[in-house]
1. What share of the DSSP beta bridges in the stretch 203-335 is antiparallel, in percent to the nearest 5?
2. Take the cross-link list LYS39/LYS378; LYS240/LYS327; LYS220/LYS327; LYS341/LYS378 and give me the ones stretching past 31 Å between alpha-carbons.
3. Find which of MET70, SER393, PHE60 sits farthest along the positive direction of the dipole of the chain, computed with +1 on the beta-carbon of Lys and Arg, -1 on that of Asp and Glu, about the Cα centre.
4. Roughly how many nanometres apart are two label points built 7 Å out from the Cα toward the Cβ at VAL383 and ARG31?
5. What is the sum of charges around GLY290, taking Lys and Arg as +1, Asp and Glu as -1, for the other residues whose C-beta is under 9 Å from the C-beta of GLY290?
6. Give me CYS250, CYS165 ranked fewest to most by other Cβ atoms within 10 Å of their Cβ, as a rough exposure proxy.
7. Can you grab the distance from the C-alpha centre of the stretch 191-230 to the C-alpha centre of the stretch 251-326, Å, no decimals?
8. How much length, in nm to one decimal, is gained on full extension between ARG425 and GLU14, taken as 0.36 nm per residue of separation minus their Cα-Cα distance?
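All of the numbers you see were taken from the coordinates with simple rules; none came from a lab. As the structure is a prediction and not an experimental result, all values here were calculated from the model. All Cβ positions, even for glycine, are placed from backbone atoms using ideal geometry, and neighbour counts span all protein chains on display.
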Amino acid sequence: MTTIFSGVPPIRFEGPDSDNPLAYRYYDADRIVAGRPMKDHMRWAVCFWHSFCFTGMDPFGWATLPRPWMAGPVDLAAATERLDAAFDFFSRLGAPYFTFHDHDVAPHAMTLRELIDGMARLEPLMAERMRKTGVGLLWGTANLTAHPRYAAGAATNPDPEVFACAAAQVHACLETTHRLGGENYVLWGGREGYDTLLNTDMRRELDQYGRFLAMIVEHKHRIGFKGAILVEPKPHEPAKHMYDRDAATCAAFLRRYGLEGEVELNIEANHATLAGNSFEHEVATAIAHGVFGSIDLNRGDPHNGWDTDQFAMDVGELTLVWRRILKAGGLRTGGFNFDAKIRRQSVSVDDLFHGHIGSVDALARGLLAAADLEADGKLDTFVSQRYAGWEGSEGKAILAGQVSLADVAKAALNRNIEPQPVSGRQEFLENYVSRFV
Ligand code: XUL
Ligand code: CO
């Protein structure tokens, strides 16, 4: 079978000295790093939407990218051609996983019935290609943003009939994900928020959203789906304000609706920066609140304020993110989903390969640097020494709730303490970390 990708030879590891731009220079799937093969650490995925459904269109211009399956209406034949091209791409790249929305793989569908029927046609074709290529499903998700019925939100819509449509889509997509052996199920609520507070009952909408997630968790257990349910924070775009604005907001939301332990977060790098946080901050926050699940990897442009979804290339940033993840025991069901797209001018078929190859290599370099940093251990030693006071009997008694505010106040005055400032050593630590990157 030939596809538009047939002219590109399979991408192999050739090492840092290779001159071949269509080869991995750092990603060596079976190389053991910190006790595990690189591919088991990275668990990386190619996303369906940006790679095979994006045509290069922007608000000012028409399609530019060669995507023959989208030249006309996407009927069953075109959807099958797209699926074949996608699996050919995954195989040539050596990708262990992929991710999809229902509308990415199904033939074009306007009604709920058309979508469910279309997915029923595509699912066995996906299963067959997964079997043939060995590519796994990191996660599936329902697109609850594109259809006009979702303009005022899906679960948070003022109309319960729209909520019911969203429930039907997730019900079907979760079951498809389960049957395909998917390792997670993601919810990104692009319109779960508001465009103006003038027409919005926020409390009611939050309750609707909380109940929606609880229903999904109940259904997951009913059908025996073992993967994680993940929510993906983003502050805005397309809605002016989204309720899942960042990791800390989501952690509070999950606790309020009794969903902690059941729902985790899929942290996206470009969403972090849109929220005014760093990628590392969002990962660290999710881990600190016990809700870290998975990553959508990409980068934004520091000079504009929208979701440019470019391929992540900053090894320094990735090293710091890996350090958090390694310290938390590594990824479990989660992975690194390349939620990134090539540019409108990237019209050559191999551009999609270059985007993924470069970012897979940057991720591998970050992993190698973070593993060295961990093995060296001096940063950890510095941090634990910084908090050493809390290991003493007074610190422990405070945290264990054995002393009151008055007890602590009295002791401070009796002992006449006057702690002296100590250096936070930021410059020293930055220099130290840069030796590993
Ligand atoms: C949108 C986004 C989505 C989710 C899946 O910004 O990141 O593609 O990852 O719905
Ligand atoms: Co994403």
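1. Details: 1 of 8 bridges.
Of the beta bridges lying entirely in the stretch 203-335, close to 10 percent run antiparallel.
2. Details: LYS39/LYS378 27 Å; LYS240/LYS327 35 Å; LYS220/LYS327 29 Å; LYS341/LYS378 38 Å.
The answer is LYS240/LYS327; LYS341/LYS378.
3. Value: SER393.
4. 2.4 nm
5. Overall, the nearby charge balance is -2.
6. Numbers: CYS250 26, CYS165 20.
Least to most surrounded, the residues fall as CYS165, CYS250.
7. Between the Cα centre of the stretch 191-230 and that of the stretch 251-326, the gap is 20 Å.
8. Values: separation 411, 0.36 × 411 = 147.96 nm, distance 3.94 nm.
Net length gain for the segment: 144.0 nm.
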